[in-house]
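Throughout, read-outs are computed from the coordinates displayed, never taken from laboratory work. Fair warning: this is a prediction, and the values are worked out from it, not measured in the lab. Heads up, the Cβs are rebuilt from the backbone with ideal geometry, glycines too, and the neighbour counts pull from every protein chain shown.
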């Protein structure tokens, strides 16, 4: 709220436009943003100002469910915007506030070097970078930086000068935090299934998990190089408090994995193997230390507040 | 295009905002509007201006299908807006052009007088106003005028001064045009089913078809009384040329009816009777004169172009 210069926005528009990107059901976040903005509206303009909120996600997202679950007493006009955050979504200079929670660690695509047999970064028999050679790690890191750059440029166009953007994403100094361990376990499962002939080795070699967990420094570097935003806040956060008291149970955790990773497995390996993959993965997770309290406590994320520069 | 004062819009915004209301898949209409607006943008501003198009329909509409069918090479940023046209959908003064095709003849709700046994307008044993007493006709007409007034007031708030709105709706001097005949046939079918005990008489008495076909004069009266728009064009159109050469075949016609009326039957009478209702209705239509060329030629609609007054 301290960083919100709503008066500056109101000089050119009585409509305050907020976008929640790549998360589609951020009703709580949006409520907080709207309420913070409302408190910064001068008394004599309180009645005139109206809010428009755009909920964005991939076209494959279920917008029908989103629209049916919109809070009934919301203080804003709602719209849905389908499309990738790695591209333009709104006309130039039409947004005052952008939020994106847990979307930027997903890569826009898998770099060809990882699946090209002739490339030094060919990631044979692996689906992630954590146990791979340095070439593979570099290809992942470069794709993340490129995607982040595209994202920042698109948002710099869409935000008004002085507009704010909050980003929340997993962010680690260490390579081996819980969800990464799960991706490694997923890789094991897929390999076992390939050995058993349940899926082709070729399919496995052409699959890489499109996610990268940047360090705080990597993220800061991209933002500073891009130079279209000032960094108002950059904060490393520990694990969510709900986790610290009680680690997630396996049922909820598998539900989360199937919702957020299921489409990916289905798209690459076909719908017929999805159930088997997650069944195998569940067994692996249960016998691993992934969901132990000690392990969960290593989870951390970055909260970043950026302001669009004036020119 | 002659009526478009795009330069006036560009004085305050480089984003031209278009809304297609209650029709959700008006890609062709939107394309025409965008192309017309583009031609009116001065040469030196051509590169700066961007379009945002809002596709609106009821929450029950399938927005997922809409988003997946968006034209790939569209010249605009697309958004979906769920909600009734009989209420506010956008912040004040944020739209430059509104279109609504074939939505305004649907009533927002069924007036209570029609289903209240003590009311002089109780529409016993009937589902429509065409064969009913004058009281019933008046209640339908008043609801249409009220809905239209609410619609005009909402759009007057949302459009910028000078903003344009095009409306297309069925519009007749005569009471008995083809689709009305079909509503009457639907009423017959429901009555037959009630007599056979396939649906309760009470359910039938509490159902009225929420549609009103206004005359051009009725529509003009509401617009003039509302006084927030100038009438730039008011044109009665004959039947679509595709119909004049060849009446719609029964298969396509039933598909249209099930898509546009099915939810209504389902909502009131329950999903278990929908198939039977449309099966019976199909038989009635086939043995009637509804789809004869002579009959179809009586179809007519109104095209109305309105401009939001300056204050």
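Footprinting exposure proxy ranking of A:59, B:139, fewest other C-beta atoms within 10 angstrom first, gives A:59, B:139.
Annotation for the stretch A:288-311 versus the stretch B:240-266: alpha-carbon center distance of 54 Å. Quick one: Debye curve from the alpha-carbon atoms of the stretch A:253-311 only, equal weights, vacuum; give me log10 I(q)/I(0) at q = 0.20, 0.21, 0.26, 0.27 Å⁻¹ to two decimals. Here log10 of I(q) over I(0) equals -0.85, -0.89, -1.08, -1.11. The distance separating the Cα centre of the stretch B:107-122 from that of the stretch A:112-137 comes to 71 Å. Relative contact order of the stretch B:84-308: 31 percent, from C-alpha pairs under 8 Å at least 6 residues apart in sequence. Set against the 2.2 N^0.38 Å expectation for a compact globular protein, the protein assembly as shown has a Cα radius of gyration ratio of 1.14.
Below 8 Å between Cα atoms, with a sequence gap of 6+, how large is the relative contact order for the stretch B:1-119 in percent?
Answer for the stretch B:1-119 is 34 percent.
With respect to chain A, whose longest principal axis is taken over its alpha-carbon atoms, helix A:216-226 is tilted by about 50°.
In terms of surrounding Cβ atoms within a 10 Å radius of their Cβ, A:263, B:106 rank from fewest to most as A:263, B:106. Working from label points 7 Å from Cα in the Cα-to-Cβ sense, the residue B:38 to residue B:3 distance is 2.3 nm. Looking at chain A, the DSSP beta bridges with both ends there are about 45 percent antiparallel. Between identical copies, the spacing of residue A:7 label points, each set 7 Å from Cα toward the C-beta atom, reads 3.6 nm from nearest to farthest.
With angles folded into 0 to 90 degrees, how steeply does helix A:250-269 sit against the dominant principal axis of chain A? Use alpha carbons for both and round to 10. Compared with the principal axis, the helix lies near 80 degrees.
Sequence gap at least 6, Cα distance under 8 Å: using those rules, report the relative contact order of the stretch B:239-311 to the nearest whole percent. Walk me through the intermediate numbers first.
Working: 34 pairs, mean separation 36.2, N = 73.
Taking the mean separation of contacting Cα pairs over the length of the stretch B:239-311, I get 50 percent.
Angle of helix A:271-286 to the longest C-alpha principal axis of chain A, folded into 0 to 90 degrees and rounded to 10: 90°.
When the convex hull of its Cα atoms is viewed from all sides, chain A shows a mean projected area of 17.1 nm². Each copy carries a label point for residue A:262 at 7 Å from Cα toward Cβ; from one copy, the others' points are 2.5 nm away, ordered from shortest. When both the stretch A:12-44 and the stretch A:154-223 are represented by their alpha-carbon centers, they are found 29 Å apart. Over the stretch B:126-253, the Kirkwood radius and the radius of gyration, each from Cα atoms, give a ratio Rg/Rh of 1.04.
Binning at 5 Å from 0, report for the stretch B:1-51 what percent of all alpha-carbon pair distances ends up in each bin. Spelled out bin by bin, the stretch B:1-51 gives 4, 19, 31, 24, 14, 7, 1 percent. Where only DSSP H runs of four or more residues are counted, chain A gives -12500 deg cm²/dmol as its mean residue ellipticity at 222 nm, each run worth -39500 (n - 2.57). With its label point put 7 Å out from Cα toward Cβ, residue B:124 sits 8.8 nm from the same residue's point in the other copies, in order from shortest.
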